[in-house]
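Visitor: Below: one structure in structure tokens.
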Amino acid sequence: MNYYLKDIAKIVSGSLILQGEENRMQNIIIDSRKISFSKNSIFIAFITKNNDGHNYIQDAYDHGVRNFIVSKKVDFSLFKDANFVYVANALSALQTLAKHHRKQFEIPVIAITGSNGKTILKEWLSKSLANKITVIQSPNSYNSQIGVALSILKINSNHKLAIIEAGISETNEMETLEKMIMPTVGVITNIGDAHSEGFSDLSHKLSEKIKLFKHCKTVFFNGNSRDISDHLNSLENIKLFSWGKDKNNDISILKIDKNKHKSSVTIEFKNEQTTLIIPFNSPEFIDLSMLLVSILFHFEWTPDEINNALQNIDLLPNRLQIREGLNGCLLINDSYSTDVASLQLALEYQQQHKKQLSTALIISDFDQQIDKNETYVKVNKLIEDKQIKHVYLIGIDKKYHHLFKSKNQIFFENTAAFKNEIKSDEFQNQCVLIKGARKHKLEQIFEDLSAYVHLTTLETDFTSLENNLNIYKSYLNPSTKMMAVIKADAYGSGSIQIADFLEKKGVDYLSVAIIDEAIKIRNSGCQLPILIFNVQHTNFKNLWQYNLEPEVYSQQLLKELLNYSKSENQPLNIHLKIDSGMHRLGFEENEIESVCQLLKGQNNLVVKSIFSHLSASENAIHDDFTHKQIETFNAIYKKISRQLGIKPLQHILNTGGIIRFPNHQYDMVRIGLGLYGIDETKNIGQNLEKVHSLKARILQIKKLKKGESTGYSRSGLAQKDMVIAIVSIGYADGLLRICGNGKYSVLINGSLCSTFGNICMDVMMVDVTHVPNITAGSEVEIFGKNLPIEDLAKSCQTISYEVISRIAPRVKKIYTYG
């Protein structure tokens, strides 16, 4: 966009307060922590359920922003050289501006909606079409009421086609998106249960989604879906383009032959047969690929051109991975693509995660950008604005070198030159962002700088974690706080990274088991209050030093804390644990008088909360007992509050309780494994997403003849000729031995493969006799998106908590987002 503020005020019907210089507005800022181009930016102060952007006007002003859209009264005299547009509703103003902006461009606009696969298809389309025309796409998963508006405002006169995602979560949202996008071409990927909370049923959700296509000329869809087909046929004056098994589709599938990693798909289009090579063999990605094929045929691509495009698509496995690096470094891998918008997002991500580390950027040339001169000027501006300390530029033509002005920058002809000249020990205590085009294979640098070489990894998906957090938040009253339980190193995920993520997402409290965990999190820069469940008298001093809050569960501990507190100058927040029937730690009802007497008349310990723990909130057969616990807890809470004349936070609900006992949220709830997509209540599992993926690699393939064996004590005895794979995970990595000898199956190349023989310390063996074309190096999913952790827990005769918390430190931790 490129508007003067007075024009914006007119477009959105706002009142203009002009106090300073008026520049053209080219950027929208909605987060004061993410400011790159302040001079030509306008900050919009949104009011949401959980926050108020007006509270951050001063912060944005301090970062150089001088233009604001507000909907509440502001003391303009505090910002003497700033300009304001006063509107009734900031979100409506943004959307009105986006509608106006969209009308300035008569270009094809492809709008993509559906339950899953929107972002992947958008990326594939953009990558393919960019070879012929200049394409603008919505960044990452910008498909919301705000995200779509921001995406539309990025369109400029150079763009010949736009690709926009559209996502909704409730009724009447799509009409607003449709008016902003004004799509000429529509695509629906599929329809499923994802994000269904705001709709009465699947048909209702589908009816809402297809409102996006109201004024489209053509809509693409999977003709195998009767539900989608029936709903789309209700639309008038729209060309429907489908692919599917039946002959009545525009593209009919004649045959699909699958091998190890690819599928050969024979189709018929306009009475001509063509064979396509799709680089996947899973049904969902074949479906998405066929939507891509359909759209490319619509744009009059030849079969050869389409086949070439198909060989260049992938599932974006490198998108924003975080990994511990050598020499105290933190690595962020975004070695998938290069464009200014995604670079800006990646640099912002780096700023959020760097903590006390200095910054470094390893970046390749922007091979798909038409105007590289303008592109590199913008890249240099981003590097300067983010104050990147060290910059390594790979594969950039020498004629553009003068556009980069960083004091500490080095150019390399290619990735090999970088690897030859730069050694890993040159990176010390840095947050290193690796960003580039796939052809440069920058993932090699990512691996070289990684701290661990163990082939077994635990991946944590922040996108799924955020989804689950929002699902549970949707069950809470607006005033109810949330405490995230991240003990046992966040159940093996890495407490520092999880704490940092949860703090950014607005969680109110953290809790851990022991003080060492809390100190580790506090030293990482986390400012959230942290409750410690198990405190010992030997580390009382650290409570004050690191501003930590202990659970107090016995009179002895309370007396020891009171005695020690006399030597400190500051009061300490404490949390009283009540034993309401679980009979672990906690004060019983007959102790309350004594506890109150100890706390009366002193100011050193402040009762921040009173809480208890439910024994069986997830299980309906124990509901009578749960109600009794709640009744006991309520009585004790009231007694303490009355005797001490206080009203501290009250909380008893754990993850299961949030779902099954919503009337007892009180002031705060505690969430643990639910964050990771594990639903012990069996009530909302379909809406949650698995966060963890434990993966290993095949080290070697062996053929056994009947009567031969493998492992100690010949535990794996071949009853017939067979093929086994030796896999890079054992009980030293946390895999329980009980799941050996065929009691569990892992996933390799889409096939379930049972364990064979005993689980060893560092490896396990699995039967791969039935898996064709298997090789050393193939990925093995132990549990994850395709293989629920609950299955492994059942095989091990335990619970998911034990499985995940047993993951050993030597297992490499990888964090992905998007």
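The values are calculated or read from the model by the stated rules, or taken from the named source; none is laboratory data. Here the structure is a predicted model, which is why all the values come from computation and not from measurement. Neighbour counts run over all protein chains shown; Cβ positions are idealised from the backbone, glycine included.
Visitor: Taking the condition touching an Asp or Glu at 6+ places or on another chain (Cβ under 6 Å) and crowded, with 19+ Cβ neighbours inside 10 Å, does GLY716 pass?
Guide: No; evaluated as a whole, the condition is false for this residue.
Visitor: Let me ask something additional. In region 66-89, what residues are among the aliphatic types (A, V, I, L, M) and under 21 Å from ILE11 (Cα atoms)?
Guide: The answer is ILE69, VAL70, ALA82, VAL85, VAL87, ALA88.
Visitor: Of the residues that make up region 445-458, is at least one in contact (Cβ under 8 Å) with a residue 12 or more places away in the chain, surrounded by 21 or more Cβ atoms within 10 Å (Cβ to Cβ), of a type in the set (Phe, Trp, Tyr) and more than 23 Å from HIS575 (Cα to Cα)?
Guide: Yes, that holds for at least one residue.
Visitor: Given the options LEU465, LEU558, LEU502, LEU469, name the one that is farther than 21 Å from ARG670 by Cα, in a helix (DSSP H, G or I) and not assigned by TED's automatic domain parsing to the domain that holds ARG810.
Guide: After ruling out the rest, the residue left standing is LEU558.
Visitor: Filter region 495-516 down to the residues that are more than 15 Å from the chain's Cα centre (by Cα) and not aromatic (Phe, Trp, Tyr) and list them by number.
Guide: Listed by number, the residues that qualify are SER495, ILE496, VAL507, ASP508, LEU510, SER511, VAL512, ALA513, ILE514, ILE515, ASP516.
Visitor: Kindly establish whether VAL595 is in contact (Cβ under 8 Å) with a residue 24 or more places away in the chain and touching a Leu at 6+ places or on another chain (Cβ under 6 Å).
Guide: For VAL595, the condition - in contact (Cβ under 8 Å) with a residue 24 or more places away in the chain and touching a Leu at 6+ places or on another chain (Cβ under 6 Å) - is not met.
Visitor: If you don't mind, there's one more thing I want to ask. So which residues in region 641-655 are surrounded by fewer than 22 Cβ atoms within 10 Å (Cβ to Cβ) and either within 15 Å of ASN590 (Cα to Cα) or not polar (S, T, N, Q) (or both), if there are any at all?
Guide: Hits for region 641-655 are ARG642, GLN643, LEU644, GLY645, ILE646, LYS647, PRO648, LEU649.
Visitor: I'm trying to understand the selection: among the residues of region 95-118, which are in a loop (DSSP other than H, G, I, E, B), among the basic types (Lys, Arg) and under 23 Å from GLU208 (Cα atoms)?
Guide: Selection gives nothing.
Visitor: I need the strands (runs of 3 or more DSSP E) fully contained in region 12-93, keeping only those with at least 3 residues that are more than 23 Å from TYR142 (Cα to Cα).
Guide: Once the strands (runs of 3 or more DSSP E) in region 12-93 are filtered for at least 3 residues that are more than 23 Å from TYR142 (Cα to Cα), what remains is 15-17, 83-86.
Visitor: Okay, next question. State the number of residues belonging to region 406-428 that are crowded, with 16+ Cβ neighbours inside 10 Å and of a type in the set (Val, Ile, Thr).
Guide: 2
Visitor: Also: Those residues that are within 22 Å of the chain's Cα centre (by Cα) and either under 24 Å from PHE280 (Cβ atoms) or not in a helix (DSSP H, G or I) (or both), I need them from region 127-148; list them, please.
Guide: Residues satisfying the conditions are GLN137, SER138, PRO139, ASN140, SER141, TYR142, ASN143, SER144.
Visitor: Moving on. Can you tell me which residues in region 503-530 are of a type in the set (A, V, I, L, M) and touching a Phe, Trp or Tyr at 6+ places or on another chain (Cβ under 6 Å)?
Guide: Selection gives ALA513, ILE519.
Visitor: Taking the residues in region 253-303 that are hydroxyl-bearing (Ser, Thr, Tyr) and assigned to a loop (DSSP other than H, G, I, E, B) as candidates, determine which candidate is nearest to ILE163 (Cα to Cα).
Guide: Only one residue fits best here, namely THR302.
Visitor: Moving to a separate point now. For the condition among the hydroxyl-bearing types (Ser, Thr, Tyr), closer than 22 Å to LYS647 by Cβ and assigned to a loop (DSSP other than H, G, I, E, B), what is the one hit in SER511, SER580, SER594?
Guide: SER580
Visitor: Only residues that are of a type in the set (A, V, I, L, M) and closer than 30 Å to GLU568 by Cβ: list them for region 604-629, please.
Guide: Passing the criteria: LEU605, VAL606, VAL607, ILE610.
Visitor: With respect to CYS739, determine if the residue is of a type outside the set (A, V, I, L, M) and free of Cβ contacts under 8 Å to residues at least 40 places away in the same chain.
Guide: So CYS739 does not fit the description; no.
Visitor: Continuing with the same structure: With region 369-454 as the region, which helices (runs of 4 or more DSSP H) entirely inside it contain at least 1 residues that are modelled with pLDDT under 90?
Guide: Correct list: 372-385, 443-449.
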